[in-house]
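The values are calculated or read from the model by the stated rules, or taken from the named source; none is laboratory data. Quantities reported herein were computed from a predicted structural model and do not represent experimental measurements. All Cβ positions, even for glycine, are placed from backbone atoms using ideal geometry, and neighbour counts span all protein chains on display.
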Amino acid sequence: MAYAADVARAPRAITLLDEPLVLWRDARGVPHVFRDVCVHRGTALSLGCVEGDELVCAYHGWRYRGDGACAAIPQLADPTRVPARARAFVYTAQERYGIVWAALEPPARPLPEVPELDDPAWRAVRTGPFAWTCDASRQVENFTDFGHFAFVHEGLLGDRSNAVVAPYEISVDGPVLRYAYGRPDAPNTEAFPVFAAEARKDAMRRTRYALHLPYTIVEHIDWGGPDGLVYFFASQPVARDRCVGYCVVARNYNLDQPDDVIQAFERTIFGQDQRVVESQRPDRVPFDVAAELHLTFDAVAVAYRRAMRAHGFGSA
């Protein structure tokens, strides 16, 4: 996956689950995802270029259409008489929420519905991407952890003098974990005035979460009034020890605020998290619940481990 704005006519190399991929757009702007390998000599197709609706290999100029079929082989007397095996390996591609999504297998279910991201009354800002040296499961689980706000993000998202995590409940809806949490919010800082004006030091920040297995989270925040903040987060599992997080933040207030305010805020928050999460061992969430010590405020971590194993995403 990649932010749609970063996928242009020039081929772009990415990695998903150790599989090298190439993203590119045809003349109509439609995104395509291929395995980043030319069938002829194994050259990375991302080294090539796009001409019209075809991806051209840099090594021998073989031309591939969006469906993967090779349209021309310049070395042949009749370049169009190509063998049937001359095809690129094509994966599913979809563009939504300002992100180009790739799937190595046919998607089991659609992307989560987040109407705010398509609503002109809301301003959506892309932040990151955030490349971490850990498994995607660790990056996702950190995003759901209530206990660390007071210590890792003191002054921005929490206060050490008020570190108690109140009880909360989780419901399991197939591959989706749903839960809500309310806590006193930290006030806006001069550097990062990102929260609604109604958010005071004693204001209650009310958050509803939907964790879509394995690595996507939708978070709705409000302060009891009309102002709302939405986080759409997805972690790309590059490899077992590497991931990239994509976070789109939408709000229906401060619509004239420059995007770089929220982008700088999220760089700070993710940076504070990164140094801690990259230190965790193992670098992948241990899906055996007994492998780590859990207390009552870790209910999300326990539910995540159990759900991942139940749906075949995690193993002990």
Q. In segment 143-162, what count of residues is obtained for those that are part of a helix (DSSP H, G or I) and farther than 16 Å from GLY182 by Cβ?
A. 5
Q | Sole exception among (1) free of Cβ contacts under 8 Å to residues at least 24 places away in the same chain; (2) under 30 Å from ALA108 (Cα atoms); (3) not charged (D, E, K, R) for PRO258, by number | A | (2)
Q: Taking the residues in segment 223-236 that are in contact (Cβ under 8 Å) with a residue 24 or more places away in the chain and more than 9 Å from the chain's Cα centre (by Cα) as candidates, determine which candidate is surrounded by the most Cβ atoms within 10 Å (Cβ to Cβ).
A: LEU229
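Yes or no, residue by residue, for (1) within 21 Å of the chain's Cα centre (by Cα); (2) closer than 28 Å to GLN257 by Cα; (3) of a type in the set (Phe, Trp, Tyr); (4) in a strand (DSSP E or B):
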site	(1), (2), (3), (4)
ARG85	no, no, no, no
THR92	yes, no, no, yes
LEU111	yes, no, no, no
LEU117	yes, yes, no, no
PRO120	no, yes, no, no
VAL125	yes, yes, no, yes
Q: Give segment 64-90 a look and list any residue that's surrounded by 18 or more Cβ atoms within 10 Å (Cβ to Cβ) and of a type in the set (Ser, Thr, Tyr), or say none.
A: TYR64
Q: Starting from segment 286-299, take each residue that is assigned by TED's automatic domain parsing to the domain that holds VAL164 and over 13 Å from GLU141 (Cα atoms) and list its partners that are part of a helix (DSSP H, G or I) and among the β-branched types (Val, Ile, Thr), counting only C-beta distances under 7 angstrom and pairs at least six apart or across chains.
A: VAL289/VAL302; HIS294/VAL302
Q. Somewhere in segment 160-180, is a residue modelled with pLDDT under 95, in the same structural domain as VAL302 (by TED's automatic domain parsing), surrounded by 14 or more Cβ atoms within 10 Å (Cβ to Cβ) and of a type in the set (Lys, Arg)?
A. no
Q. SER137 is checked against (1) small (Gly, Ala, Ser); (2) surrounded by fewer than 20 Cβ atoms within 10 Å (Cβ to Cβ); (3) in contact (Cβ under 8 Å) with a residue 60 or more places away in the chain and fails just one. What number does that condition carry?
A. (2)
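Can you tell me which residue is nearest to the chain's Cα centre (by Cα) among those in segment 241-270 that are part of a strand (DSSP E or B) and within 20 Å of PRO120 (Cα to Cα)?
This residue is CYS247.
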Q.
Going by what's in this entry, would ASP273 be described as surrounded by 15 or more Cβ atoms within 10 Å (Cβ to Cβ), part of a helix (DSSP H, G or I) and in contact (Cβ under 8 Å) with a residue 60 or more places away in the chain?
A. yes
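What number of residues within segment 10-58 satisfy the criterion of being among the charged types (D, E, K, R), within 30 Å of ASP135 (Cα to Cα), out of contact with any helix residue (DSSP H, G or I) (no Cβ under 6 Å at 6 or more places or on another chain) and not in a strand (DSSP E or B)?
1
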Q.
Tally up the residues in segment 114-134 that are surrounded by fewer than 20 Cβ atoms within 10 Å (Cβ to Cβ) and polar (S, T, N, Q), please.
A. 1
Q: Go through segment 65-124 and give me each residue that's β-branched (Val, Ile, Thr) and more than 24 Å from CYS49 (Cα to Cα).
A: VAL114
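Is it fair to say ARG123 is assigned by TED's automatic domain parsing to the domain that holds TYR246 and basic (Lys, Arg)? It would help to see each step written out before you state the result.
Values: assigned by TED's automatic domain parsing to the domain that holds TYR246: yes; basic (Lys, Arg): yes.
Yes.
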Q.
With the requirement that a residue be over 25 Å from the mean Cα position of the chain (by Cα) and either surrounded by 22 or more Cβ atoms within 10 Å (Cβ to Cβ) or closer than 25 Å to TYR215 by Cβ (or both), what does segment 1-49 give you?
A. CYS38, GLY48
Q) Just checking, how many residues over segment 201-240 are assigned to a loop (DSSP other than H, G, I, E, B) and farther than 23 Å from ILE99 by Cβ? A) 8
